[in-house]
1. In region 80-90, how many residues are crowded, with 24+ Cβ neighbours inside 10 Å and either among the hydroxyl-bearing types (Ser, Thr, Tyr) or out of contact with any helix residue (DSSP H, G or I) (no Cβ under 6 Å at 6 or more places or on another chain) (or both)?
2. Specify which of the listed residues (Gly69, Gly53) is open to solvent by 20 Å² or more (accessible area, probe 1.4 Å), at positive phi and part of a loop (DSSP other than H, G, I, E, B).
3. Go over the candidates Glu39, Glu122 one by one and state the one that is surrounded by fewer than 22 Cβ atoms within 10 Å (Cβ to Cβ), of a type in the set (Asp, Glu), without any contact (Cβ under 8 Å) to a residue 60 or more places away in the chain and within 30 Å of Asp378 (Cβ to Cβ).
4. Just to be sure, is Thr251 at pLDDT 95 or above, in contact with a Phe, Trp or Tyr (Cβ under 7 Å, 6 or more places away or on another chain), under 23 Å from Ser308 (Cα atoms) and hydroxyl-bearing (Ser, Thr, Tyr)?
5. Within region 219-236, can you find the residues that are open to solvent by less than 10 Å² (accessible area, probe 1.4 Å) and either more than 26 Å from Asp260 (Cβ to Cβ) or of a type in the set (Ser, Thr, Tyr) (or both)?
6. Can you tell me which residues in region 10-31 are assigned to a strand (DSSP E or B) and loosely packed, with under 15 Cβ neighbours inside 10 Å?
7. Would you mind telling me which numbered condition in (1) within 30 Å of Phe305 (Cβ to Cβ); (2) open to solvent by 40 Å² or more (accessible area, probe 1.4 Å); (3) touching a residue at least 40 places away in the same chain (Cβ under 8 Å) Ala77 fails?
8. How many residues are surrounded by fewer than 23 Cβ atoms within 10 Å (Cβ to Cβ) and either charged (D, E, K, R) or within 22 Å of the chain's Cα centre (by Cα) (or both) if we restrict to region 193-204?
Amino acid sequence: MTGLTILRNANVYAPQPLGLKTVLVGGGKILAITDEALELPASIVADDIDLQGRILTPGFIDAHAHITGGGGEAGFATQVPPVPLSQFTAFGVTTVVGLLGTDDTTRSTGNLLSRVYGLREEGMSAYCWTGGYHYPLTTLMGSAREDIVYMEPIIGVGEFAISDHRSSQPQFEEVIRIASDAHVAGLMTGKAGIVHFHLGDGSRKLALIKRALAETELPARVFNPTHVNRNKPLFDEACEMLSQGIYIDITAFPDDAVDDGWSAAEALLLAKERGCPLKQITISSDGGGCMPAFDASGAVVAMDFGRSETLLATLKTVTAQGMALEDVLSSLTANVAHLLRLPAKGKIATGADADLLVLDADYSINDVMALGRWHLRDKALIMKGTFEENLYFQ
């Protein structure tokens, strides 16, 4: 321990509102949350900061990011580069889950895992899914079950594609075999043990997941569809399935990438209006992922890529339209941590990891702490990835 950090007069959202508190941080953990004034010897205190009523929240958990870069659907030149550290932390993401998408051929689980370790070395929490869009799965140990059981950072399978022309058009038996492997591995290890399903614009929508819930004994939580707001009929079906116990993941698409669907802000507001169980809804960024638009023949006609900054933009938009901050925050923090079985994440509580954001009154980020270390202070970036000073990242 290099020294304690005291955060005084913090308006704590844990994510539930706790009011003004003093928070003590040390050894990468939250050591205390108190109404009392802390008086500690100066020799053991590294930072004593008066937040003056600013909002203190848990760091965001982005459960869907292409940390090694996504894309490649329009040739090798369209592969997105790996995402540097500050493109997560500067926008409030203190925990990320990396994955492979369309390109699970030139990119591998080993490559993905090495990037997880790299982000950890640079100061943030990182995990990953095994597999990718296609069946048979891209794995490191030979099976999804072995990857999850033997490789600590691997917490489940994803993003496995259904209802998409880029998928392997998986059969029902293949889907439930993958789900079974993920579930059993989760039981063995205490990890998430879920399948994170990529959903395309196909007319079958969630039919495979519906059938799995009807015909197998697998728990509903094992089936976790993402991109459910990409078109309106898909979102309607996903919302209906919440009553069966699944968690759905809304994607915070860039503004110009939403055509036939809902933005993340619109989707969350609509879910609340419909009375959906908000605790079963998460939001992720698809950061680093290529977002192509296709014509009827499957040719790419436009292209963008995901960015973690859209998570904060979504929070600002939804709160500006009247949703309580704690409800929006939960979809970015506590709900994700619960689904992923990360008990030290997604909350401000004694013993939790010290992943913290300090927000101004307009919900812009003033400070970011990951595992007890400042990455952003007074809006200035303190910690960068190893090669971020290189011209390629300017």
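1. 3
2. Residue meeting the stated conditions: Gly53.
3. Glu39
4. The answer is no for Thr251.
5. Val222, Thr226
6. Passing the criteria: Pro17, Gly19, Leu20.
7. (3)
8. Within region 193-204, residues that are surrounded by fewer than 23 Cβ atoms within 10 Å (Cβ to Cβ) and either charged (D, E, K, R) or within 22 Å of the chain's Cα centre (by Cα) (or both) number 3.
The values are calculated or read from the model by the stated rules, or taken from the named source; none is laboratory data. Worth saying up front: this structure is predicted, and the values here are computed from it rather than measured. Because the Cβ atoms are built from the backbone with ideal geometry, glycine has one as well, and the counts that use them run over all protein chains shown. SASA here: full protein model, heavy atoms, side chains in, ligands and nucleic acids out. Shrake-Rupley method; radii C 1.70, N 1.55, O 1.52, S 1.80 Å.
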